[in-house]
Structures are given as structure tokens and as C-alpha cells.
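S.K.: Below: one structure in C-alpha cells.
The values are calculated or read from the model by the stated rules, or taken from the named source; none is laboratory data. Computed from a predicted model, the values in this text were never measured in an experiment. Every residue, glycine as well, gets a Cβ built from its backbone with ideal geometry; the counts of neighbours run over all protein chains shown.
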Amino acid sequence: MLKTILIILMQVVVMTAGDLLLSKGMKQVGDIAVLSPTLFFMKMSLTVRNVWILTGVACLAISLLLWLAALSRAPLSLAVPMTAAAYILNAFAAKYVLLETVSALRWTATGIIALGVLMLMKS
């Protein structure tokens with residue numbers, strides 16, 4: 001069981017890294033919700049050539065492989081809720097890496113999620 005938990009935790013860390021990299025890349029690309037087809041395709045061109053986005057996609061691909069390994073070993077009712085640890089890591093990464101403002105309400109919600117993940121690990 002310890003090996004399964006370690007696989008899930010590795011998946012969570014790699015998925016969080018992917019989310020962080022995608023966010024950083026999309027901040028550079030800018031808003032892609034535009035009405036002009038020309039501007040949309042220009043933004044898509046910037047998106048698929050951005051190194052942060054490409055690295056983020058690679059991390060998410062690795063995360064998928066780890067997720068498949070986890071699902072081959074663990075019950076779904078354990079594996080899926082444990083991935084909620086990604087919400088915790090994402091909150092810290094947003095605050096301390098991307099320098100985003102994280103409100104007290106978001107920290108409270110993150111703490112509740114952390115408590116739930118700890119309860120799962122004890123089960």
C-alpha cells in the first residue's frame with residue numbers, strides 16, 4: 001500500500017508542476033477568448049510554441065502515466081480523493097511561485113481539503 005500512496009503522491013506533484021507551468025505560460029500568451037478568428041489563431045500559435053506550456057503538457061502526460069499506474073494498484077475510492085492533495089500544492093504554488101493573492105477563504109478551503117486527504121491516508 002505504501003508504494004501505491006507514493007505513486008499517487010508523485011502523480012500529484014507532477015500534475016501540480018504541470019498546472020503551474022501551464023499557468024505561467026498562459027500568463028505570457030494572454031487571453032485566448034477572442035472573437036476574431038485571425039487573433040484566435042495567432043494566440044493559438046503562440047500557445048503551442050510557448051516553452052512553459054510545452055513543458056507543462058509534458059508534465060501532465062507523465063502525470064497521466066503515473067495515474068494509470070495508481071489505478072492499476074488502488075481502489076478508485078481511495079485514489080481519486082487522494083489526488084485532492086493537488087489542490088493543496090496548487091494553492092501554495094500559486095502563492096509562493098506565481099505570487100498570486102490567495103484569500104483567507106481559499107486557505108480555509110485548502111485546509112479542509114488537507115484534512116480530508118489526511119483522513120483518507122489513515123483509512
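S.K.: Quick test for you: out of Val80, Val12, Val34, pick the one residue that is surrounded by 12 or more Cβ atoms within 10 Å (Cβ to Cβ), free of Cβ contacts under 8 Å to residues at least 12 places away in the same chain, of a type outside the set (S, T, N, Q) and closer than 25 Å to Ile112 by Cβ.
M.R.: Working: Val12 fails: free of Cβ contacts under 8 Å to residues at least 12 places away in the same chain; Val34 fails: closer than 25 Å to Ile112 by Cβ.
Result: Val80 is the single residue among Val80, Val12, Val34 that is surrounded by 12 or more Cβ atoms within 10 Å (Cβ to Cβ), free of Cβ contacts under 8 Å to residues at least 12 places away in the same chain, of a type outside the set (S, T, N, Q) and closer than 25 Å to Ile112 by Cβ.
S.K.: Can you pull out the residues in region 104-123 that are among the β-branched types (Val, Ile, Thr) and either surrounded by 15 or more Cβ atoms within 10 Å (Cβ to Cβ) or not in a helix (DSSP H, G or I) (or both)? Even if it seems obvious, please write down each step before you answer.
M.R.: Our first condition is that a residue be among the β-branched types (Val, Ile, Thr); within region 104-123, this holds for 108, 110, 112-113, 117.
Hits for region 104-123 are Thr110, Ile113, Val117.
S.K.: Follow-up question, since we're still on this one. With respect to the numbered conditions (1) free of Cβ contacts under 8 Å to residues at least 40 places away in the same chain; (2) among the charged types (D, E, K, R); (3) under 27 Å from Ile112 (Cβ atoms), which one is the sole condition not fulfilled by Asp19?
M.R.: Result: Asp19 passes all but (1).
To keep it simple, each residue is scored yes or no on (1) within 14 Å of the chain's Cα centre (by Cα); (2) at negative phi; (3) at pLDDT below 90.
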residue: Leu22; (1), (2), (3): yes, yes, no
residue: Ile32; (1), (2), (3): no, yes, yes
residue: Leu60; (1), (2), (3): yes, yes, no
residue: Ala69; (1), (2), (3): no, yes, no
residue: Asn90; (1), (2), (3): yes, yes, no
residue: Tyr96; (1), (2), (3): no, yes, no
residue: Lys122; (1), (2), (3): no, yes, yes
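S.K.: Specify the residue that is surrounded by the most Cβ atoms within 10 Å (Cβ to Cβ); the eligible residues are those in region 58-77 that are of a type in the set (Gly, Ala, Ser) and either more than 23 Å from Leu115 (Cβ to Cβ) or without any contact (Cβ under 8 Å) to a residue 60 or more places away in the chain (or both). Quick ask: steps written out before the conclusion?
M.R.: So in region 58-77, the residues of a type in the set (Gly, Ala, Ser) come out as 58, 61, 63, 69-70, 72, 74, 77.
Checking the rest, the ones that are also either more than 23 Å from Leu115 (Cβ to Cβ) or without any contact (Cβ under 8 Å) to a residue 60 or more places away in the chain (or both) come to 58, 61, 63, 69, 72, 77.
Values: Ala58: 14, Ala61: 11, Ser63: 22, Ala69: 16, Ser72: 10, Ser77: 9.
Result: Ser63.
S.K.: Quick one: which of Lys43, Lys24 is touching a residue at least 60 places away in the same chain (Cβ under 8 Å), of a type in the set (Lys, Arg) and surrounded by 12 or more Cβ atoms within 10 Å (Cβ to Cβ)? So that I can check it myself, show each step before the final result.
M.R.: On the way: Lys43 fails: touching a residue at least 60 places away in the same chain (Cβ under 8 Å).
Matching residue, one of Lys43, Lys24: Lys24.
S.K.: Residues to consider are Thr55, Thr4; find the one that is over 26 Å from Ala109 (Cβ atoms), modelled with pLDDT under 90, surrounded by 15 or more Cβ atoms within 10 Å (Cβ to Cβ) and over 11 Å from the mean Cα position of the chain (by Cα).
M.R.: Details: Thr55 fails: modelled with pLDDT under 90.
After applying the criteria, what remains is Thr4.
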